[in-house]
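Written out below as structure tokens is the structure these notes cover.
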Amino acid sequence: MTADLIFYALALLTLVPAFWVVNSRNIVHAGFNLLFTLLGVAGLFAWLGADFLAVTQLMVYVGGVLVLVLFTVMMTRVPRAEGSGGGAARYLAPGVLALGVFALLFKVSSGTQWAVVETGEPLPTTAIIGANFMTNYIFPFEYVSLVLLVALIGAAILIREPKGISGDGDSEAGDAEVQS
């Protein structure tokens, strides 16, 4: 009984903020609701015994991607649209599509014979995955880290201002002549 209550609490922590992410008109509020949705998904992963996925969800999505998105949104000024129009008619096609997908998923999941396997306590997977990263899969792991390093250096080069150009378009040499 307690296990069911924990599952339902985590499911509510995932679904209710997800609803507000979709329906929020304020992008910052949607971002913070996405935080709770991603935390709920991490909790579900942890509850199911997928500890590596839970920690990855927290570190990559909550700790990295979501923080980057929220800072980007809060640092930029987005002009507000004057009345988006459309009313309820703009929700018709996505609503029908969502209901169709939900009906298909419900039909498939309720018509499938699910095998129940009693395995007891879930075993931690992080030690096994870590050992495989550092032994069997060391080359792909290092290759991905080099690709990410090159992407980071490329992004730094792209955002750097060229030498000799100041903020208002004058060259630094011109500024030096004015000062002397």
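The values are calculated or read from the model by the stated rules, or taken from the named source; none is laboratory data. Keep in mind the model is a prediction, meaning the values are calculated, not measured. We place every Cβ from the backbone using ideal geometry, glycine too, and count neighbours over all the protein chains shown.
Filter segment 1-54 down to residues that are of a type in the set (Ser, Thr, Tyr) and within 15 Å of the chain's Cα centre (by Cα) and give me whichever is surrounded by the most Cβ atoms within 10 Å (Cβ to Cβ). Talk me through it step by step, then tell me what you get.
As a first pass, look at segment 1-54 and keep what is of a type in the set (Ser, Thr, Tyr): 2, 8, 14, 24, 37.
Cutting the leftovers down to within 15 Å of the chain's Cα centre (by Cα) gives us 14, 37.
On the way: Thr14: 18, Thr37: 22.
This residue is Thr37.
Taken over segment 93-118, residues that are polar (S, T, N, Q) and assigned to a helix (DSSP H, G or I) amount to 2.
For every residue, the table says whether it meets (1) among the hydrophobic types (A, V, I, L, M, F, W, C); (2) out of contact with any helix residue (DSSP H, G or I) (no Cβ under 6 Å at 6 or more places or on another chain).
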residue: Thr2; (1), (2): no, yes
residue: Gly31; (1), (2): no, no
residue: Met59; (1), (2): yes, yes
residue: Gly63; (1), (2): no, yes
residue: Ala88; (1), (2): yes, yes
residue: Leu92; (1), (2): yes, yes
residue: Gly95; (1), (2): no, yes
residue: Ala98; (1), (2): yes, yes
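For the condition in contact (Cβ under 8 Å) with a residue 40 or more places away in the chain and polar (S, T, N, Q), Thr125 qualifies. Within segment 55-64, the residues that satisfy the criterion of being more than 14 Å from Phe36 (Cα to Cα) and either aromatic (Phe, Trp, Tyr) or surrounded by 13 or more Cβ atoms within 10 Å (Cβ to Cβ) (or both) are Val55, Thr56.
Results for (1) among the hydroxyl-bearing types (Ser, Thr, Tyr); (2) at pLDDT below 80; (3) outside any helix (DSSP H, G or I); (4) touching a strand residue (DSSP E or B) at 6+ places or on another chain (Cβ under 7 Å), shown as yes or no for each residue.
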{"residue": "Gly120", "(1), (2), (3), (4)": "no, yes, yes, no"}
{"residue": "Asn132", "(1), (2), (3), (4)": "no, no, no, no"}
{"residue": "Phe139", "(1), (2), (3), (4)": "no, no, no, no"}
{"residue": "Leu149", "(1), (2), (3), (4)": "no, no, no, no"}
{"residue": "Ala155", "(1), (2), (3), (4)": "no, no, no, no"}
{"residue": "Lys163", "(1), (2), (3), (4)": "no, yes, yes, no"}
{"residue": "Ala173", "(1), (2), (3), (4)": "no, yes, no, no"}
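Among the numbered conditions (1) over 22 Å from Glu118 (Cα atoms); (2) in a helix (DSSP H, G or I), the only one that Phe52 does not meet is (1).
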